[in-house]
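Notes to accompany the following structure.
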Amino acid sequence: MQNWLTDSELLVMKTIWENEDPLTVQEIMMQTNERYDKKWKVQTISTFLSRMVKKNYLSMERKGRTFYYYPLVTAASYRKRELDRQISFWEEGGLDGLIASFTRTAKLTEDEKEKIRRLLDAMD
């Protein structure tokens, strides 16, 4: 899968990933607008959904006159692919350079730093 999600498509995908059951266009629109402070119309959401179906991130199922959308790609697998892409792009500094850059730009709490330390220790 070479087609990446746009920022807008990613917000819609996050809405879908956060639900266990398939959603209708109207449900996706309402939840995305509420969660991300958007004012997107049904047509806008439909356009995003159509693109994501073509990119093989989503599938849709028709029940009566209503279409339900469900993910073909999990949030975890997308997150991993996105991280792999970023690491590959910025690899001249290596993974350690990417992590160092992240820690300089993100304001990590002591709790978050400790969690990261535990994750790194668990890799041994």
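Nothing in this text is a laboratory measurement; each read-out follows from the coordinates by a stated rule. Given the structure is predicted, the values throughout are model-derived calculations rather than measurements. All Cβ positions, even for glycine, are placed from backbone atoms using ideal geometry, and neighbour counts span all protein chains on display.
Listed values, structure above:
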item: Amide proton proximity set for Trp4, modelled H, under 5 Å, gap of 5+; result: none
item: Most mobile of Thr15, Thr47, Thr103 in a GNM of the chain (Cα contacts under 10 Å); result: Thr103
item: Highest-MSF residue in the chain out of Arg65, Arg35, Arg85 [GNM, Cα springs under 10 Å]; result: Arg65
item: Residue (of Ser46, Pro71, Leu23) at the positive-pole extreme of segment 1-84, dipole from beta-carbon charges; result: Ser46
item: Of Lys38/Lys107; Lys41/Lys115; Lys39/Lys107; Lys14/Lys107, pairs whose Cα-Cα distance is over 32 Å; result: Lys41/Lys115
item: Förster radius 41 Å - calculated FRET efficiency between Lys55 and Ser101, Cβ distance, rounded to 0.05; result: 0.90
item: Length added when fully stretched, Leu120-Tyr68, from 0.36 nm per residue minus Cα-Cα; result: 14.7 nm
item: Residues with amide H under 5 Å from that of Ser59, placed H, sequence gap 5 or more; result: Tyr70, Leu72
item: Nearby aspartates and glutamates by direct alpha-carbon distance to Lys55 (threshold 12 angstrom, same-chain neighbours under 8 apart not counted); result: Glu9
